[in-house]
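**Q** Structure provided below as structure tokens; questions to follow.
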Amino acid sequence: MGCLVSTPKDTVGNRRRPANIGEVSVYVPGLRIPKPVDFSQSLGDHLSKSLVERLSALRTRIVVMAGQEGPTITRTRRKTATQHGGSTLADLQQALEDYLPVLLGLMKDGSQLQHKVQFVWVNQEDDAEETAMSNAWYEVLSILHLMAMLSFSQANLLLLPRTSSDGYQPKVTEESRRASIDIFIKAAGYLDCAVRHVHPQLPTELKRNLPVDLAEGVLRALCLQALGQGVDIQLGMAIDSTKATLAVKRRLACEMVKYWQQAQDNIMNLPLLNGWGEKHRLFVKWKYVEAKAAAYYYHGLILDEGNTEKFHGMAVAALQAADEYFKESKKACDAFHAAPPLSRNPPLWGTMKYLSEKIPKDTSSKVRINRDLYSHEKIMETAPTLPDFALALKPDEYQLPPVDPSWNMEHMNKGQTGSNQLRNDRR
């Protein structure tokens, strides 16, 4: 059930892409924008006028807000981010949360109303400019994706270094870092719900015809990105803490590698070919390599604490791997920012600011010392395997909200109307 219409690339002109999205700490692969829907035409004969008007008003609010903010919300607006950007994101997020319980009434008790309305969204990562489907679960999937992307945008604003009041170099406050972790977990919850509870509701044919923006692999990769970036922030906070041990830092770094590796695995074979899609692929590659640099660095430091030639040799190999991955990550970073739409790396801070200073210095020092102590044969030329840790950071357990109470009134009114009609017929 549910017809499908995909509009070929660049035939309508609704997809407005910026040439430059500014500084990026958190990659947001564009915002999918909903197009207007005439609920009265498709539902006017099935629902009360008041409920149709409510659905229309709630969705129109989203269409207007997303249409105004979508092309610019991924841009970095330093001066307006705290004054207006945050509230804009919050207002649009609230509009989506207000709409969802009313929308879910279309699927109540398996109602066929879920197939009556054709929902149209402008894509970002897919080659098709827009996708229309007559299935309300497609609308729910699109809403959850947009809620997650708004959360990513909010996290990006929080994680861009700002010049502090004391005039020293730009930094990200601990308050912003902690808030961003909560936002990442929440975004992961929306995406996890989309994969586990909404995707299964769609018929197989519609799943095959979903835009790549909503493909299961992309949603899983975005969920893993949120968790991977959350662990990155945790690692940065551990680096700043005098109480965090090397073992704690290594564990966080190794977990980060697993998140990004799984994210890369999920999008490896998907057709992410155009601007936003290719940039998405490059972002995941960059962060995966960057995570490996951090993991091998801390693994090397712990191995170097061993008391045998074997451990010292493994430490040298791990640190050399960290140095190579660090150099590769800088190239991957440049490739990501050079891909359209263009972007910039914010001033270094947190994990990578620390590691950009420590990895080259410590690798050079440890390699020189150990090569002086041991023969070439004692130094391992291949990096040791990273330890395997269970992933600790989990998505928020987000659940779809209950159907709005107005649908209960709708059924009561329908029942009352039917009873009155029956009495009239008997007269």
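The values are calculated or read from the model by the stated rules, or taken from the named source; none is laboratory data. Everything numeric in this text was worked out from a predicted model, so none of it was measured. No Cβ is skipped: glycine too gets one built from the backbone with ideal geometry, and neighbour counts run over all protein chains shown. Keep in mind that these areas ignore ligands, DNA and RNA; they rest on the heavy atoms of the full protein, side chains included. Shrake-Rupley method; radii C 1.70, N 1.55, O 1.52, S 1.80 Å.
**Q** Have a look at 286, 260, 276 and point out the one that is of a type in the set (Phe, Trp, Tyr), in contact (Cβ under 8 Å) with a residue 60 or more places away in the chain and assigned to a helix (DSSP H, G or I). Break it down into steps so the answer makes sense when it comes.
**A** Values: 286 fails: in contact (Cβ under 8 Å) with a residue 60 or more places away in the chain; 260 fails: in contact (Cβ under 8 Å) with a residue 60 or more places away in the chain.
The conditions single out 276.
**Q** Sticking with this one: With respect to residue 237, is the statement that it is open to solvent by less than 10 Å² (accessible area, probe 1.4 Å) and in contact with a helix residue (DSSP H, G or I) (Cβ under 9 Å, 6 or more places away or on another chain) true? Full working, then the answer.
**A** Values: open to solvent by less than 10 Å² (accessible area, probe 1.4 Å): no; in contact with a helix residue (DSSP H, G or I) (Cβ under 9 Å, 6 or more places away or on another chain): yes.
It is false that residue 237 is open to solvent by less than 10 Å² (accessible area, probe 1.4 Å) and in contact with a helix residue (DSSP H, G or I) (Cβ under 9 Å, 6 or more places away or on another chain).
**Q** Quick test of your reading of the structure: residue 179 fulfils all but one of (1) more than 17 Å from the chain's Cα centre (by Cα); (2) under 25 Å from residue 236 (Cα atoms); (3) free of Cβ contacts under 8 Å to residues at least 40 places away in the same chain. Name the failing condition by number.
**A** Single failed check for residue 179: (1).
**Q** May I pose another question? Which one is nearest to residue 332 (Cα to Cα), of the residues in segment 263-273 that are open to solvent by 10 Å² or more (accessible area, probe 1.4 Å) and part of a helix (DSSP H, G or I)? Steps first, please.
**A** Keep residues of segment 263-273 that are open to solvent by 10 Å² or more (accessible area, probe 1.4 Å), which gives 264-266, 268-271, 273.
Going one step further and asking which of them are part of a helix (DSSP H, G or I), we end up with 264-266.
On the way: 264: 14, 265: 17, 266: 19 Å.
Residue satisfying both the conditions and the ranking: 264.
**Q** Among the residues of segment 320-341, how many are open to solvent by 80 Å² or more (accessible area, probe 1.4 Å) and either farther than 24 Å from residue 230 by Cβ or polar (S, T, N, Q) (or both)?
**A** Residues meeting the conditions: 5.
**Q** Would you please name the residue that is nearest to residue 229 (Cα to Cα), looking only at residues in segment 291-319 that are part of a helix (DSSP H, G or I), open to solvent by 10 Å² or more (accessible area, probe 1.4 Å) and at pLDDT below 90?
**A** Residues of segment 291-319 that are part of a helix (DSSP H, G or I), as a first pass: 291-303, 309-319.
Among the residues that remain, those that are also open to solvent by 10 Å² or more (accessible area, probe 1.4 Å) are: 292, 296, 299, 301-303, 309-312, 314.
Then drop every residue that is not at pLDDT below 90, which leaves 309-312, 314.
Details: 309: 36, 310: 34, 311: 31, 312: 31, 314: 28 Å.
Taking the candidates together, the pick is 314.
**Q** Next question. Six or more apart or on different chains, Cβ atoms under 7 Å: show the pairs whose first residue is in segment 124-148 and of a type in the set (Val, Ile, Thr) and whose second is part of a loop (DSSP other than H, G, I, E, B).
**A** Qualifying pairs under 7 Å: 131/123; 131/211.
**Q** Among helices (runs of 4 or more DSSP H) lying entirely in segment 102-220, which contain 3 or more residues that are touching a strand residue (DSSP E or B) at 6+ places or on another chain (Cβ under 9 Å)?
**A** Values: elements: 136-158, 174-193, 204-209.
Because the criterion is at least 3 residues that are touching a strand residue (DSSP E or B) at 6+ places or on another chain (Cβ under 9 Å), the helices (runs of 4 or more DSSP H) in segment 102-220 that meet it are 136-158, 204-209.
**Q** Continuing with this model, one more query. Can you spot a residue in segment 109-120 that is among the acidic types (Asp, Glu), within 20 Å of residue 226 (Cβ to Cβ) and not assigned by the TED database to the domain that holds residue 276? Let's see the steps before the verdict.
**A** Pass one, segment 109-120, residues among the acidic types (Asp, Glu): 109.
Then keep just the ones that are within 20 Å of residue 226 (Cβ to Cβ); that gives none.
So far as segment 109-120 goes, no, none of its residues is among the acidic types (Asp, Glu), within 20 Å of residue 226 (Cβ to Cβ) and not assigned by the TED database to the domain that holds residue 276.
**Q** So, in segment 57-100, how many residues would count as being at pLDDT 85 or above, open to solvent by 30 Å² or more (accessible area, probe 1.4 Å) and of a type in the set (S, T, N, Q)?
**A** 2
**Q** Going by the conditions given, is residue 224 buried (at least 24 other Cβ atoms within 10 Å of the Cβ) and in a helix (DSSP H, G or I)?
**A** Working: buried (at least 24 other Cβ atoms within 10 Å of the Cβ): yes; in a helix (DSSP H, G or I): yes.
Yes, satisfied.
**Q** For segment 115-150: of the residues being polar (S, T, N, Q) and at pLDDT 95 or above, which is surrounded by the most Cβ atoms within 10 Å (Cβ to Cβ)?
**A** 142
**Q** What's the number of the condition residue 343 fails, among (1) hydroxyl-bearing (Ser, Thr, Tyr); (2) assigned to a helix (DSSP H, G or I); (3) at pLDDT 85 or above?
**A** (2)
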